[in-house]
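The values are calculated or read from the model by the stated rules, or taken from the named source; none is laboratory data. Quick caveat, the model's predicted, so the values are computed rather than measured. Here the Cβ positions follow ideal geometry from the backbone for every residue, glycine too, while neighbour counts run over all protein chains shown. Calculation scope for accessible area: heavy atoms of the full protein, side chains included, ligands and nucleic acids excluded. Shrake-Rupley method; radii C 1.70, N 1.55, O 1.52, S 1.80 Å.
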Amino acid sequence: MSRIGKATINIPAAATVEFANNVVTVKGNNITMTQEVKPGFEVKIEDGVLSVVRPDDSKENRALHGLYRALINNMIIGVTEGFKKQLELVGVGYRASNQGQKLDMSLGFSHNVVMEIPAEVKVETFTEKGKNPIITLSSHDNQLLGMIVAKIRGFRKPEPYKGKGIKFVGEIIRRKAGKSA
């Protein structure tokens, strides 16, 4: 049995969870999130504890068991606390600024990279003299936040020789030695 799938989820007082017609609805802090569940799966809510039960032990249902539990857990965390990711721009002349939901990055290309961020994701940029610029993204939707972060990071992935590129704050880049003299 899936270790993640059989783990229970404690529902905080700030969130309410409902399951009807194969759709899980999580509400809290003026945010409502829904997740469709494959027919046959059952979401049991008893005394503030949620558990996901799969219909049988087929390979597909075993795979989806842990997935649905993780998605529901992320929705509960999202409506109560939210998610936050920070990216650091490492490189000479790399800059970032935002005007509302438009993120403008100077990454060493001939033109700046301008990206429109969805309304569900809040973006902030912070630049301090002598330090690398930091982009802070926060949202209640972990999947959307991960997609946006991956897209931003894809413009300039950290390279192993000098460590230049867009990396997570606190991420350690494995470095390679250059060619021998």
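In the set Ile11, Ile4, only one residue is open to solvent by 50 Å² or more (accessible area, probe 1.4 Å), aliphatic (A, V, I, L, M), farther than 30 Å from Ile134 by Cβ and within 23 Å of the chain's Cα centre (by Cα); that residue is Ile4. Do we have Val121 as farther than 17 Å from Leu89 by Cα, without any contact (Cβ under 8 Å) to a residue 40 or more places away in the chain and of a type in the set (A, V, I, L, M) here? When the stated conditions are applied, Val121 passes them.
Pick from Ser139, Ser110: which is crowded, with 16+ Cβ neighbours inside 10 Å and among the small types (Gly, Ala, Ser)? Unique residue meeting the criteria: Ser139. Take the residues in segment 124-136 that are open to solvent by less than 60 Å² (accessible area, probe 1.4 Å) and among the polar types (S, T, N, Q), then tell me which one is nearest to Gln99 (Cα to Cα). Residue satisfying both the conditions and the ranking: Thr125.
Looking across segment 25-43 at every residue that is closer than 14 Å to Gly5 by Cβ and in contact with a strand residue (DSSP E or B) (Cβ under 9 Å, 6 or more places away or on another chain), the one that is surrounded by the fewest Cβ atoms within 10 Å (Cβ to Cβ) is identified as Glu42.
All conditions but one from (1) within 24 Å of Ser110 (Cβ to Cβ); (2) assigned to a loop (DSSP other than H, G, I, E, B) apply to Gly170; the one that does not is (1). Out of all the residues in segment 44-61, is one or more within 19 Å of the chain's Cα centre (by Cα) and either free of Cβ contacts under 8 Å to residues at least 60 places away in the same chain or open to solvent by 30 Å² or more (accessible area, probe 1.4 Å) (or both)? No, every residue in segment 44-61 fails to be within 19 Å of the chain's Cα centre (by Cα) and either free of Cβ contacts under 8 Å to residues at least 60 places away in the same chain or open to solvent by 30 Å² or more (accessible area, probe 1.4 Å) (or both).
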